[in-house]
1. If you check Ala70 against the conditions, is it over 20 Å from Val181 (Cβ atoms) and either assigned to a helix (DSSP H, G or I) or under 19 Å from the mean Cα position of the chain (by Cα) (or both)?
2. Among the residues in the stretch 58-66, are any over 22 Å from Leu185 (Cα atoms) and of a type outside the set (Lys, Arg)?
3. Among the residues of the stretch 50-65, is there at least one that is basic (Lys, Arg) and free of Cβ contacts under 8 Å to residues at least 24 places away in the same chain?
4. Condition first: outside any helix (DSSP H, G or I), surrounded by 15 or more Cβ atoms within 10 Å (Cβ to Cβ) and in contact with a helix residue (DSSP H, G or I) (Cβ under 9 Å, 6 or more places away or on another chain). Can you find one or more residues in the stretch 26-35 that meet it?
5. Could you say whether any residue in the stretch 160-179 is buried (at least 17 other Cβ atoms within 10 Å of the Cβ) and touching a His at 6+ places or on another chain (Cβ under 6 Å)?
Amino acid sequence: MIEARPLAIGLATLLVSAVLWEILVRLLNIQPFLLPPPSAVWQEFASRPGIYWSNFLVSLRGVLIGFVIASVTGVLIGTIIVYSQSLRAVLYPVIVVLQAAPKIAIAPLLIIWLGYGALPQIVMVVLVSFFPVVMSTVVGLSSVEADLLDLVRMLRGGRIKQFTKVAFPHALPFIFSGLKVAATLAVIGQIVAEFVSANAGLGHVIIVANSELNVAMSFVSLIMLCGMGLALFGAVEVLERLTIPWSTEESERLFAVPQA
């Protein structure tokens, strides 16, 4: 599980940063419409928490659904690319083109094709976040040592056993690395979609805040979005530690700082 000491250090860092932010804004006499202090941001949230939480849940729903779809499809497509040369030749260029295309330009087209509502937002989340899952799966499955696969063949194991007993467990650390990247990108995809067309969600709240020049309102939404991304990232890390504890323990041992 997540260790208490690094978590405490992270929380302390955020608290100190907030205190310094408050002090600097007041010392430099920065106007609230340019950069509000944390106290003003908190007052804005406390004045109408229901609005923020309801929109948070709208954004969270799209992020979670899109992230799960991107994770499953990313692993499946990555596996197909590794084990089928013909499908690799077909799928790989399409995936690269989709990744290279600017998502902000695709968003209006999704509205035209799929209409308003949650569906285009979920599709946008999938488009933004599935690429790192695909590539991490490809790298993980492609880096399996041939000697291990030969050993399974010698033990009369078929391709299914080679995949389930050797290749996929070997690829899991790579896949989880891709999932962590996808977790943060999923939030970006949701907000991009909400910026283009939405009547709810934190992205919609930011649009309203900008139209009203309410910077504190924007900061509340941004902080909640950061919290959403951090929570999803943390959930993936916890799942990684539960699924492949041997890999995370080895990583911590390699990167541990020697004690004086």
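1. no
2. So far as the stretch 58-66 goes, no, none of its residues is over 22 Å from Leu185 (Cα atoms) and of a type outside the set (Lys, Arg).
3. No, the stretch 50-65 contains no residue that is basic (Lys, Arg) and free of Cβ contacts under 8 Å to residues at least 24 places away in the same chain.
4. Yes, the stretch 26-35 has at least one match.
5. Checked against the condition, which is being buried (at least 17 other Cβ atoms within 10 Å of the Cβ) and touching a His at 6+ places or on another chain (Cβ under 6 Å), the stretch 160-179 yields no hits at all.
For (1) under 28 Å from Arg88 (Cα atoms); (2) assigned to a helix (DSSP H, G or I); (3) touching a helix residue (DSSP H, G or I) at 6+ places or on another chain (Cβ under 6 Å); (4) modelled with pLDDT under 95, each residue gets a yes or a no:
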site	(1), (2), (3), (4)
Leu141	yes, yes, yes, yes
Arg153	yes, yes, no, yes
Phe168	yes, yes, no, yes
Phe219	no, yes, yes, no
Met228	no, yes, yes, no
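Listed here are the residues, each with its yes/no results for (1) among the hydroxyl-bearing types (Ser, Thr, Tyr); (2) outside any helix (DSSP H, G or I); (3) within 30 Å of Gly50 (Cβ to Cβ).
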residue	(1), (2), (3)
Pro173	no, no, no
Phe176	no, no, no
Asn199	no, yes, yes
Ile206	no, no, yes
Asn210	no, no, yes
Leu213	no, yes, yes
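The values are calculated or read from the model by the stated rules, or taken from the named source; none is laboratory data. For clarity, every value in this text was computed on a predicted model and none was experimentally measured. Please note: Cβ atoms are built from the backbone with ideal geometry, for glycine as well, and neighbour counts cover all protein chains shown.
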